[in-house]
Amino acid sequence: HGQIEDTIETIDPVDVFICSETLEHIDNPDHLLARIRAKASRLILSTPCDETITNPEHYWAWGAADIAAMLEQAGWQPTAYQFIEYQGLDVRYQLWACR
């Protein structure tokens, strides 16, 4: 459908918006979270956590406290958080549920 920043403007309101491994690729993730908030009642979000592997496609790297603050600033209330680590691969993810 194209870039998520444009697509979010064209969709009807939804109960749940799933944003999986996308936020770290966006120029202005704070603005995107606020736009999703305007369209959705709930959010499921996954993004790398404290990323240590260099990925030229990732504009951002966050820890859990950073994402929690971003979510709250955009009007989301985090209700669940899960840290996921792939042992041996040095890859960590954070999974959030918000309303």
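Here are the numbers for this structure:
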| quantity | calculated |
| --- | --- |
| For the chain, size of Cβ-based charge dipole, Lys and Arg +1, Asp and Glu -1, in debye | 420 debye |
| Carbon + sulfur, % of accessible area of the chain - ligands and nucleic acids excluded, 1.4 Å | 49 percent |
| Sequence-separation-based contact order of the chain, relative, with Cα cut under 8 Å and 6+ spacing, percent | 29 percent |
| Which labelled figure in [x] 13.8, 39; [y] 17.0, 53; [z] 13.3, 42 is Rg and Dmax of the Cα atoms in Å, once derived from the coordinates | [z] |
| Per-pair calculated FRET efficiency, R0 = 30 Å: residue 79 and residue 6 via Cβ, rounded to 0.05 | 0.55 |
| Residue-normalised accessible area of the chain, given per residue in Å² at a 1.4 Å probe | 61 Å² |
| 222 nm mean residue ellipticity, helices alone, for the chain (DSSP H n ≥ 4; -39,500 (n - 2.57); rounded to 500) | -8000 deg cm²/dmol |
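The values are calculated or read from the model by the stated rules, or taken from the named source; none is laboratory data. Note that the coordinates shown come from a computational prediction; the quantities given were computed from them, not determined experimentally. As a convention, Cβ positions derive from the backbone with ideal geometry for all residues, glycine included, and neighbour counts pool all protein chains shown. Heavy atoms of the whole protein, side chains included, go into the accessibility calculation; ligands, DNA and RNA do not. Shrake-Rupley method; radii C 1.70, N 1.55, O 1.52, S 1.80 Å.
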